[in-house]
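Reviewing the structure listed below.
The values are calculated or read from the model by the stated rules, or taken from the named source; none is laboratory data. Everything numeric here is computed off the predicted structure, so don't read it as measured data. Backbone-built Cβ (ideal geometry, glycine too); neighbour counts: all protein chains shown. Note: accessible area is taken over every heavy atom of the protein model, side chains too, but ligands, DNA and RNA are not part of it. Shrake-Rupley method; radii C 1.70, N 1.55, O 1.52, S 1.80 Å.
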Amino acid sequence: MKIALIGYGKMGKMIEQIALDRGHEIVSIIDIDNQQDFDSPEFASADVAIEFTAPQVAYGNYLKAWAKGVKVVSGSTGWMKEHGDDVRQQCTANGKTLFWASNFSIGVAIFSAVNRYLAKIMNQFPQYDVEMEETHHVHKLDHPSGTAITLAEEIVAEIDRKEAWAEDTTDPKLLRVDHIRRGEVPGIHTIRYDSDADLITISHDAHSRKGFALGAVLAAEYTKEHEGLLTISDMFKF
């Protein structure tokens, strides 16, 4: 498979190595200083572009890739509120393809399935209040993390006593989501159900970005054969 990389930071370099190890070809690498390469024949030859950049440029990168007929896999977060409706329109009505995930880790996909199942159970036990905390490296600009938002939305969908999620809230009708930024932490997501009697905790702690990078390449392999707006739940049937 021919892969283009959009963003060549730590994640981009790790994705490159895993893609090469899996027998794929990197035909184009686009970063801040060579944006003109979106117009190159090498970029247009890619089956899939894997995009890990920043919230303010992600949507523009999708448009540039789609204009060249290139499918996109993206792990960029923070753009959904402003551009989510446009992306859905492009993928459902205009024939474009985006595989988007707030987190490509296989472990997080499993954790998300456990989160949904546990929330269904805990909906029956109102004596437990639920809250979430996410910790990431100091370079992460958006908060809460895209993964935390996804997990929070899954909880709210299952637990009737929570109407929505929010940061820095004491409203019992809202799921509190806290964020911490420290060091070079790849990502920790913890969900707690607390009662007067006991505490139930589930947590996912990433040891490195390698799991995210592998998941992104697996998503690219999946995206090559599929179309539309794709997610982790399409690739992993838990």
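Selection among 121, 67, 55 by position relative to the dipole of region 14-121 gives 121 as farthest towards the positive end (Cβ unit charges, Cα centre). When the chain is described by a simple charge dipole with +1 on each Lys and Arg Cβ and -1 on each Asp and Glu Cβ, the residue from 230, 4, 175 located farthest towards its positive end is 4. Residues in region 47-59 carry Karplus couplings, in order, of 6, 8, 9, 9, 10, 10, 10, 10, x, 6, 10, 4, 4 Hz; the curve used is 6.51 cos²θ - 1.76 cosθ + 1.60 with θ = phi - 60°, and Gly or Pro positions show x.
Determine the alpha carbon to alpha carbon distance for each of 96/140; 120/140; 2/224; 10/68; 140/162; 10/81 and list only those over 20 Å.
Working: 96/140 28 Å; 120/140 31 Å; 2/224 10 Å; 10/68 26 Å; 140/162 27 Å; 10/81 26 Å.
The answer is 96/140; 120/140; 10/68; 140/162; 10/81.
Ligands, DNA and RNA left out, the accessible area of region 34-97 computed with a 1.4 Å probe is 47% carbon and sulfur.
Peptides 64-76, 108-120 ranked from most to least packed, by the mean per-residue count of other Cβ atoms within 10 Å: 64-76, 108-120. Close amide H pairs (under 5 Å, H built 1.01 Å from N) link residue 26 with 3, residues at least 5 positions away or on another chain. Accessible area per residue was computed with a 1.4 Å probe on protein heavy atoms; residue 179 scores about 70 Å².
Given N residues in region 101-148, what is Rg(Cα) / (2.2 N^0.38 Å)? Could you put the intermediate results ahead of the total?
Numbers: Rg = 13.2 Å, N = 48, 2.2 N^0.38 = 9.6 Å.
Normalised Rg, Cα atoms only: 1.38.
Residues whose amide H comes within less than 5 Å of that of residue 71, counting only those at least five positions distant or on another chain, are 49 (H built at 1.01 Å from N in the peptide plane). The charge dipole of the chain, taken about its Cα centre with unit charges on the Cβ atoms of Lys, Arg (+1), Asp and Glu (-1) only, comes to about 440 debye.
So which trypsin sites (Lys or Arg not before Pro) in region 135-236 pass both tests, a DSSP loop state and at most 10 other Cβ atoms within 10 Å of the Cβ? Numbers along the way, then the final one.
Values: sites: 140, 161, 162, 173, 176, 181, 182, 192, 209, 210, 224; in loops: 140, 161, 162, 173, 182, 209.
For trypsin sites (Lys or Arg not before Pro) across region 135-236 that sit outside H, G, I, E and B with at most 10 neighbouring Cβ atoms in 10 Å, the list reads 173, 182.
Across region 40-45, computed HN-Hα scalar couplings (Karplus, 6.51 cos²θ - 1.76 cosθ + 1.60, θ = phi - 60°) run 7, x, 5, 5, 5, 7 Hz from first to last residue, x flagging Gly and Pro.
Students often get this wrong: which residues of region 123-145 have the backbone nitrogen under 12 Å from the point 7 angstrom along Cα-to-C-beta of residue 192? Answer for this model: 129-134.
For Cα extents along the principal axes in Å, the listed values are (i) 55, 46, 34; (ii) 52, 47, 29; (iii) 63, 39, 30; which was obtained by calculation from the structure presented? Computing Cα extents along the principal axes in Å and matching it to (i) 55, 46, 34; (ii) 52, 47, 29; (iii) 63, 39, 30 gives (iii). Only helices enter this figure: runs of n ≥ 4 DSSP H residues, each worth -39500 (n - 2.57), summed and divided by the residues of the chain, yield -11500 deg cm²/dmol at 222 nm to the nearest 500.
Sorting 237, 81, 13 by accessible area (1.4 Å probe), largest first, what list results?
Numbers: 237 155, 81 205, 13 100 Å².
Ranking 237, 81, 13 by accessible area, largest first, yields 81, 237, 13.
Expressed to the nearest 5 percent, the antiparallel share of DSSP beta bridges inside the chain is 35 percent.
Count Lys and Arg as plus one, Asp and Glu as minus one, and take only other residues whose Cβ is under 14 Å from that of residue 99; the net charge is then -2. The residues of region 132-200 have, on average, 50 Å² of accessible surface per residue, using a 1.4 Å probe with all protein chains present.
Could you give the dipole magnitude of region 1-91 about its Cα centre, charging the beta-carbon of Lys and Arg +1 and that of Asp and Glu -1, in debye to the nearest 20? Intermediate results must be reported in sequence, preceding the final value.
On the way: 9 positive and 13 negative charges, 49 e Å.
The calculated dipole for region 1-91 is roughly 240 debye.
Relative to the Cα centre, the charge distribution of region 154-236, modelled as +1 at Lys and Arg Cβ and -1 at Asp and Glu Cβ, gives a dipole magnitude of about 360 debye. Among beta bridges from DSSP that stay inside region 61-195, the antiparallel ones total about 35%.
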